[in-house]
Amino acid sequence: MKIHFAVLSMALASAQALAGAPTAPCAITNIPVDPAPPGQFASYAGHGHAIDILLQSARPDREVDVFPEPPLILRRKDTQKSCEIDGGIWTRKDFYLDASERTLITVEFSGSSDSLNFYDTASCKRLASLDISGYAWAIGKNALTLTAKQGKAKTRSRRVNSFCIPN
């Protein structure tokens, strides 16, 4: 019985590896987005290990914290291939990559709502979007937690996969 279980476990691990499925839990890294080049404010960039995040500012005369001007460009460092995200208004401090850098997580807002968006870094396809208006958010190993900012303490939780995408 133990031998069959060991063989089954190895087969499952091999299948996950062949499918490109990571075995680690979800982990995200905040990507600082800064003027590029430093001291000039027309272009901004954030750098992961394999992915560059590129933005343009409509205010080249001063440093900004918000980007209302699409597109957001994702560029792979190894191939220089890029894709574009036309979206809402991005906040400079809220760009995150999962550990595999397959998922970009952004906070986008409009006058009436805030959303947490999940994008595939190879295609720029939006994989998921959650309304986070009125909530603080955090992503742990296996869950996304939303906690109400005002009123009664209300917490919601959703499971995330190993690429940090909510189920």
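Every number in this text was worked out from the coordinates using simple rules, so none of it is lab data. Remember, predicted model here, so these are calculated numbers, not experimental data. Neighbour counts run over all protein chains shown; Cβ positions are idealised from the backbone, glycine included.
So the values come out like this:
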item	result
Long-range HN-HN contacts of Lys77 with modeled amide H, under 5 Å	Ile51, Asp52
Amide H within-cut-off set for Asn161, under 5 Å, with H built and near neighbours excluded	Asn167
Residue order, fewest to most beta carbons within 10 Å, for Asp34, Asp52, Asp65	Asp65, Asp34, Asp52
22 Å Cα-Cα threshold exceeded, pairs from Lys77/Lys125; Lys125/Lys149; Lys93/Lys149	Lys125/Lys149
Paramagnetic reach from Gln40 in the range 64-78 [backbone N under 12 Å; point 7 Å along Cα→Cβ]	none
Alpha-carbon spread of the chain, three principal axes, descending order, Å	70, 49, 23
Net charge over other residues, Cβ less than 14 angstrom from the Cβ of Ile139 (K, R count +1; D, E count -1)	+2
Extreme residue, positive dipole direction of the chain, given options Thr145, Ala36, Leu104 (C-beta unit charges)	Thr145
Partners for Lys81 among aspartates and glutamates (Cα-Cα distance below 18 Å; same-chain residues under 8 apart left out)	Asp52, Glu101, Asp120
Within the chain, longest stretch free of exposed trypsin sites (Lys or Arg not before Pro) [DSSP loop, at most 11 other beta carbons within 10 Å]	1-61
Spread of Cα-to-Cα distances over 10 Å intervals beginning at zero, given as percent, for the range 49-123	18, 53, 26, 3
